[in-house]
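Below is one structure, written out as structure tokens; comments come after it.
The values are calculated or read from the model by the stated rules, or taken from the named source; none is laboratory data. Bear in mind the structure is a predicted one, so any value in this text is a computation, not a measurement. Please note: Cβ atoms are built from the backbone with ideal geometry, for glycine as well, and neighbour counts cover all protein chains shown.
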């Protein structure tokens, strides 16, 4: 994923700002209060990490497809946030929400800050990727274990339900038997209700219809003479045929009504009422019969519950043995590669002037990852005791290891990660970000000269009389800004010389 264009309108610092970020390492600097943090908050709002701070924030993205989320696009994806009475979110003009946007882009955009633990939570997975790079068969073992574990969890949940059902099996069987008997005692047939309703209608109009037929007979009896007359008049054959058809229809209806004899009218009405209640309860005769079959299957399930429980317990026992064997095998392989993992982590720890990492594997309860718990300390310090600066640098360490052993890419956003760091620590952060920029598009605010020296692109946020502006600096502009960051408002010749030396690799 890559951000190609960012537009911000009417924010606390910017009337209008348009930023065209580049691939690689993008650094943003500027004097205190110029609006750097406001700019970063606007960018983070686009991906659900912050609330919107502008009337309009818009970003054009390339390099990803969101078709799995039902969002169609050609080359670019556009995220828009419009803030008026309330804040509205859009992806390619489709209405969305802050929560959904964060869910969609969380795997593409990494916001490294003190309270984020995502990289550390994923440390065991990162370790596994390193092993797979060195031993491809480990991927098959992990996949097999995860499949078995999913089955184990599913069977375990089924067994838990069986045990709960078994406690009240008699009550459930009695209830289901009652529902089955209720439908079976009625014994409904498909189409029966409609036929009875039709019969009821016919019976209610039988006498009236026969009276009308009787009155019409004098007319019908004269049809023979009329038909005889019409046969002698040219072009009237269709009329005589119509009269014969009318005669036949009326006589057939009379015969049908005369044959319509029902001894138990009350029984028919009662049957209609019973079927009507059944239809009201289940939605139809067909639905009641489907429900009957479902309840028969449930009754069979409860009658066989003890057998099913034993069968499931046997499956779980076999699967548990298999899982523990696979978990131990996975654990042994991890242990075999642990020193190499430590070596790669400590390489970057040294770059970032962090204490040496102590990484250990301990045994925990069986889970989707196996039986291993991966614990990391910096020297003797637990993760929970690290300063925010150490914590953020440790996350960069793991990002770098991830780049070595996976195809991860996307965007990394850092907000003043070099704040309160020494010169050497800040220099190490800058070098590591330069390494990460080969795979990630990086955005970082910086107050020190080291990051701008390693950055591919340097943007300056400058406060005007009313609002701020942001501009991409050329080499001379970068020299001047780095010199300002070193010496302050009054730029010294020494600072200029230092900046030129730092940027001598730039044409």
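The set of residues in the stretch 359-387 being at positive phi and out of contact with any helix residue (DSSP H, G or I) (no Cβ under 9 Å at 6 or more places or on another chain) consists of 379 alone.
Here is a yes/no grid of residues against (1) over 38 Å from the mean Cα position of the chain (by Cα); (2) exposed (fewer than 12 other Cβ atoms within 10 Å of the Cβ):
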| site | (1), (2) |
| --- | --- |
| 239 | yes, no |
| 243 | yes, no |
| 255 | yes, yes |
| 276 | yes, no |
| 322 | no, no |
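Only one of the numbered conditions (1) surrounded by fewer than 14 Cβ atoms within 10 Å (Cβ to Cβ); (2) modelled with pLDDT of 90 or more is not met by residue 333, and that is (1).
Of everything in the stretch 11-30, what is more than 18 Å from residue 457 (Cβ to Cβ), surrounded by fewer than 17 Cβ atoms within 10 Å (Cβ to Cβ) and in contact with a strand residue (DSSP E or B) (Cβ under 7 Å, 6 or more places away or on another chain)? Give them in sequence order. 16, the sole residue that qualifies. Set side by side, the residues 486, 482 differ, and just one is within 30 Å of residue 12 (Cα to Cα), surrounded by fewer than 20 Cβ atoms within 10 Å (Cβ to Cβ) and not assigned by TED's automatic domain parsing to the domain that holds residue 27, which is 486. Scanning the stretch 327-342 for residues that are over 34 Å from the mean Cα position of the chain (by Cα) and farther than 14 Å from residue 126 by Cα turns up 332, 335, 336, 339. Within the stretch 440-477, the set of residues being under 17 Å from residue 32 (Cα atoms), touching a residue at least 60 places away in the same chain (Cβ under 8 Å) and in a strand (DSSP E or B) comprises 444, 445, 458, 459, 460, 461, 462, 463, 468, 469, 470.
Among the residues making up the stretch 344-358, a single one is within 11 Å of residue 375 (Cα to Cα) and surrounded by fewer than 18 Cβ atoms within 10 Å (Cβ to Cβ): 358. Taking the stretch 50-134 and the helices (runs of 4 or more DSSP H) fully enclosed by it, the elements with 3 or more residues that are more than 21 Å from the chain's Cα centre (by Cα), touching a residue at least 60 places away in the same chain (Cβ under 8 Å) and farther than 24 Å from residue 2 by Cβ are at 123-134.
So in the stretch 409-420, with the set limited to residues that are surrounded by fewer than 23 Cβ atoms within 10 Å (Cβ to Cβ) and more than 28 Å from the chain's Cα centre (by Cα), which one is farthest from residue 49 (Cα to Cα)? Top of the filtered list is 420. Among the residues making up the stretch 67-86, a single one is exposed (fewer than 14 other Cβ atoms within 10 Å of the Cβ) and touching a helix residue (DSSP H, G or I) at 6+ places or on another chain (Cβ under 9 Å): 69. Out of the residues in the stretch 388-439 that are out of contact with any helix residue (DSSP H, G or I) (no Cβ under 8 Å at 6 or more places or on another chain) and assigned to a helix (DSSP H, G or I), state the one that is farthest from residue 42 (Cα to Cα). Ranking the qualifying residues of the stretch 388-439, first place goes to 424. Total residues in the stretch 449-459 satisfying the condition of being in contact with a strand residue (DSSP E or B) (Cβ under 6 Å, 6 or more places away or on another chain) and modelled with pLDDT under 90: the figure is 4.
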